[in-house]
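Single-structure report; data block below.
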Amino acid sequence: MKTMPLRLKFRRFSAVQLLIALGLFFVAAPFVEEIKGGDLVVSLLLSLVLLSGVFAVADRKRVLVIALVLAIPAVAGRWINHFRPDLVPPAFFLTAALIMTAFIVANLLRFVLRAPSVSVEVLCASISAYLMLGLMWTMAYWLVDQLTPGGAFSFNTTAGTHSMNGFTGFYFSFITLSTVGYGDITPVSKIARWLAAIEAMTGLLYVAVLIARLVSLYSAPKSDDS
C-alpha cells in the first residue's frame with residue numbers, strides 16, 4: 001500500500017483576524033503611548049498589524065512573497081529604530097511601511113471588488129482597508145514632518161506634543177479621512193497640504209464606491225432569481 005507524501009497547505013489569515021489586530025492597535029496605542037515602556041507595546045501592536053496584513057492578503061504564493069519582502073524592512077526597521085535610533089532613522093521604516101501598507105490596501109480592495117457576494121469576510125476586508133488607509137496616511141504625515149526642516153504642520157494649540165509622530169499623526173489622519181477637520185492642526189507645506197487634500201478625497205470616494213459595491217453585491221442574487 002502506497003503512502004501519499006504529506007503536503008503542507010498554506011492557509012492565509014482571514015480579514016476578520018486583520019480587523020481584530022487593527023482594533024487592538026487603534027484602541028490600545030493612544031493609552032499605552034504615554035506610559036513607561038509604551039513605545040515597546042506600540043511597536044508590538046504595529047508589527048502585529050503589518051504581519052496580519054501580510055497573511056490576510058496572501059491568497060497566492062506570489063503575493064505572499066512580495067508581501068514578505070515588503071514587510072521585512074518595515075518591521076525590522078521599526079524595531080531597530082526602537083532600540084538603536086542612531087542606526088535606522090524613522091524615515092527608513094516609515095517609507096518601507098508606507099509601501100507595504102499600500103500593497104495590503106490594494107489587495108484588500110481587489111478582494112472586495114471581485115467578491116461574488118457580501119459575506120463577513122468581505123465586510124471585514126472593507127473595514128480593514130479603510131482603517132489601513134488611515135494608518136498609511138498617518139505614516140505619510142510623520143514622514144513629511146521628519147523630512148521638512150521648517151515644519152510641515154502648524155499646531156494651533158499649546159497642549160500636547162508638536163510633532164506628527166505617534167498618536168498626533170494618527171489623530172490628524174483619521175480626522176482628515178473622515179473630513180471632520182477641527183482645525184487644531186493645519187498643514188502648511190505644499191506636500192502636507194497635498195497629502196491632506198488627497199486623503200480627504202479618498203475618504204469620500206471610498207465610502208461612496210464601497211457602499212455602491214456592497215449594495216450591488218447584495219442585490220445581485222435577488223435579481224438573478226427573479
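With N counted as the residues of the chain, its alpha-carbon radius of gyration over 2.2 N^0.38 Å works out to 1.14.
Extension gain for L87 to R60 (0.36 nm times residue separation, less C-alpha to C-alpha distance): 6.3 nm.
Ignoring any ligand, DNA or RNA, what whole percent of the accessible area of region 46-171 comes from carbon and sulfur when the probe is 1.4 angstrom? Please list the in-between numbers first.
Numbers: 4070 of 5710 Å².
Here it works out to 71 percent.
In the chain, the longest principal axis of the Cα atoms and the axis of helix 61-83 are about 30 degrees apart.
Rounded to the nearest 10 degrees, the inclination of helix 190-225 to the longest alpha-carbon principal axis of the chain is 20 degrees. When H82, H162 are compared by accessible area at a 1.4 angstrom probe, the order from most to least is H162, H82. Each residue, T157 and V16, gets one label point 7 Å from its Cα in the Cβ direction; the gap between the two is 3.7 nm.
So what is the accessible area of the chain per residue, in Å², with the probe set to 1.4 Å? It would help to have the intermediate numbers written out before the result.
Details: 12830 Å² over 226 residues.
Here the per-residue accessible area is 57 Å².
Rolling a 1.4 Å probe over the protein heavy atoms leaves W194 with an accessible area of roughly 140 Å².
Equivalent-ellipsoid semi-axes (√(5λ), Cα gyration tensor) for region 59-99, whole Å, largest first?
Working: eigenvalues 112, 16, 6 Å².
Listed largest to smallest, the semi-axes of region 59-99 are 24, 9, 5 Å.
Taking the Cα centre of region 8-112 as origin and charging only Cβ (+1 Lys, Arg; -1 Asp, Glu), how large is the dipole, in debye to the nearest 20? List each step's numbers first, then the result.
Values: 10 positive and 5 negative charges, 136 e Å.
So the magnitude is around 660 debye.
Report, to the nearest 10°, how far helix 15-32 tilts away from the longest principal axis of the Cα atoms in the chain, using its own Cα long axis and a range of 0 to 90°. For helix 15-32, the angle is close to 20 degrees. Near S154, the amide H atoms lying under 5 Å from its own belong to T186, V188; only residues 5 or more places off or on other chains count, and H is placed 1.01 Å from N. Considering every alpha-carbon pair of region 50-133, the percent of pairs per 5 Å bin, from zero through the bin containing the longest distance, is 3, 16, 23, 20, 16, 10, 7, 3, 1, 0.
The values are calculated or read from the model by the stated rules, or taken from the named source; none is laboratory data. On a predicted model such as this, the values are computed, not experimentally measured, just so you know. Cβ coordinates were reconstructed from backbone atoms using ideal geometry, including for glycine residues, and neighbour counts include every protein chain displayed. Heavy atoms of the whole protein, side chains included, go into the accessibility calculation; ligands, DNA and RNA do not. Shrake-Rupley method; radii C 1.70, N 1.55, O 1.52, S 1.80 Å.
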